[in-house]
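Presented below is the structure to which this report refers.
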Amino acid sequence: QVQLVESGGGLVQAGGSLRLSCAASGPSFDRYAMGWFRQAPGKEREFVASINYSGGTTYYADSVKGRVTISRASAGNTIYLQMYALKPEDTAVYYCNTDGGTIASTAGGHYWGQGTQVTVSS
């Protein structure tokens, strides 16, 4: 069973920056591909960014490309989502995700964190 814990959400003004973190723990010491999704009120959950087990491959949604950077710690299973130039439409609950594998994708995996709220005020 893989557990994911997000942190770093909060309230920020439009144009501001925020960094989210997610730490994964599981039954093995393998490094997982991991990603971020978000869900705004009244909308479906959508893909934001993902990174493979080594950090060498990343994917971004078109809606955030150029404004966010996904990265991971050099060891273990902690990932980060650095967000810049935030817009009110970025307001959502952001979820960390993994399927426990090594390949990054834009599809959600089996394991989800509890989510962290990001609110961008205009």
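The values are calculated or read from the model by the stated rules, or taken from the named source; none is laboratory data. Keep in mind the model is a prediction, meaning the values are calculated, not measured. Ideal geometry is used to build each Cβ from the backbone, glycine not excepted, and the neighbour counts take in all protein chains shown. Protein only, heavy atoms only, side chains kept; ligands, DNA and RNA dropped before computing areas. Shrake-Rupley method; radii C 1.70, N 1.55, O 1.52, S 1.80 Å.
Percent of accessible area on the range 36-82 owned by carbon and sulfur, 1.4 Å probe? List each step's numbers first, then the result.
Details: 1080 of 2380 Å².
In the range 36-82, the share of accessible area belonging to carbon and sulfur is 45 percent.
So for the chain, averaging the separation of alpha carbon pairs under 8 Å that are six or more residues apart and normalising by length, what relative contact order in percent results? Don't jump to the answer; show the numbers that get you there.
On the way: 321 pairs, mean separation 44.1, N = 122.
After rounding, I find 36 percent.
What does DSSP give for the chain in terms of the percent of beta bridges that are antiparallel, rounded to the nearest 5? Could the numbers behind the result be given before it?
Values: 34 of 38 bridges.
Among the beta bridges of the chain, antiparallel pairing accounts for roughly 90 percent.
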Total charge dipole magnitude, the chain, about the Cα centre, Cβ charges on Lys, Arg, Asp, Glu only, Debye to nearest 20: 200 debye
Potential lengthening between S122 and T57 on full extension [0.36 nm per residue; Cα-Cα distance subtracted]: 20.1 nm
Separation between Cα centres of the range 83-122 and the range 5-80, rounded to whole Å: 6 Å
The chain, accessible area per residue, ligands and nucleic acids excluded (1.4 Å, Å²): 51 Å²
Label-point separation in nm, E89 to T106, each point 7 Å along Cα→Cβ: 1.6 nm
Loop-located trypsin sites (Lys or Arg not before Pro) in the range 1-84 whose Cβ has at most 12 other Cβ within 10 Å (DSSP): K43, K65
In sequence order, calculated HN-Hα J values of the range 82-89 (Karplus, 6.51, -1.76, 1.60; Hz; x Gly/Pro): 8, 10, 10, 6, 5, 10, x, 6
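Which of the GluC sites (Glu not before Pro) found in the range 1-102 are loop residues per DSSP with 15 or fewer other Cβ atoms within 10 Å of their Cβ? Walk me through the intermediate numbers first.
Numbers: sites: E6, E44, E46, E89; in loops: E44.
Answer by residue number: E44.
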Amide proton proximity set for T102, modelled H, under 5 Å, gap of 5+: A33
For the chain, built as a Gaussian network whose Cα springs stay under 10 Å, the top-fluctuating residue of A23, A14, A92: A14
